[in-house]
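Okay, so here's the structure we're looking at.
The values are calculated or read from the model by the stated rules, or taken from the named source; none is laboratory data. Bear in mind that the values here come from a model prediction, so they are computed numbers and not experimental data. When we count neighbours, we look across all protein chains shown, and the Cβ atoms used for this are built from the backbone with ideal geometry, even at glycine.
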Amino acid sequence: MTNLETLKYTEDHEWVAIDGDIATVGITAFAQGELGEIVYVEVETVGETIAKAEIFGTVEAVKTTSDLFMPISGEVIEFNKALDENEDDNPGLINESPFDEGWIIKIKMADTSELDDLLDHEAYQKLVS
């Protein structure tokens, strides 16, 4: 299991795990809990460079659709195939395992200094409590 205390977080409830210049991004347990059962994930931005705070995709739950925002600038290099309707098509992984198997994209970061603008675990916990 991912160590939640080492992740960075956005106020829009995305989490970021860093491995060198690659960031893995997903939505938090709080976000998936608020959305409810996730039935579809759309990411059509693989191969594109997207600025911080711009939309990189959407998640659709039974009752609502929510935009996904880039936590940091960079190139979207991978979409989790397990969530992709053209592959394994199991968007419910976000509900079942939001911090591990339910990750959404991987980014080649353009500016690692943007990580300083994200919340640490303690600050994120204060935000959602």
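Checking LEU68 against (1) in contact (Cβ under 8 Å) with a residue 40 or more places away in the chain; (2) outside any strand (DSSP E or B): exactly one of these is not met. Which one? Only one criterion is unmet by LEU68, namely (2). Residue pairs whose Cβ atoms lie under 8 Å apart, separated by 6 or more positions or on different chains, with the first residue in the range 35-57 and of a type in the set (Gly, Ala, Ser) and the second exposed (fewer than 12 other Cβ atoms within 10 Å of the Cβ) and assigned to a loop (DSSP other than H, G, I, E, B), are GLY36/VAL62; GLY36/LYS63; GLY36/THR64; GLY57/GLU44.
Residues are listed down the side, and each one gets a yes or a no for (1) among the basic types (Lys, Arg); (2) at pLDDT below 95; (3) over 19 Å from GLU11 (Cα atoms):
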position	(1), (2), (3)
LYS52	yes, no, no
VAL59	no, no, no
SER73	no, no, no
ILE77	no, no, yes
ASN80	no, no, yes
ASN90	no, yes, yes
ILE107	no, no, no
ALA110	no, no, yes
ALA123	no, no, no
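The residues of the range 92-109 that are in a loop (DSSP other than H, G, I, E, B) and surrounded by fewer than 17 Cβ atoms within 10 Å (Cβ to Cβ), listed by number, are GLY92, ASP100, GLU101.
Looking only at residues in the range 34-91 that are of a type in the set (Ser, Thr, Tyr) and surrounded by 13 or more Cβ atoms within 10 Å (Cβ to Cβ), the one that is farthest from the chain's Cα centre (by Cα) is THR49. Set side by side, the residues GLU78, GLU60 differ, and just one is free of Cβ contacts under 8 Å to residues at least 40 places away in the same chain, in contact with a strand residue (DSSP E or B) (Cβ under 6 Å, 6 or more places away or on another chain) and either under 22 Å from LEU118 (Cβ atoms) or in a loop (DSSP other than H, G, I, E, B) (or both), which is GLU78.
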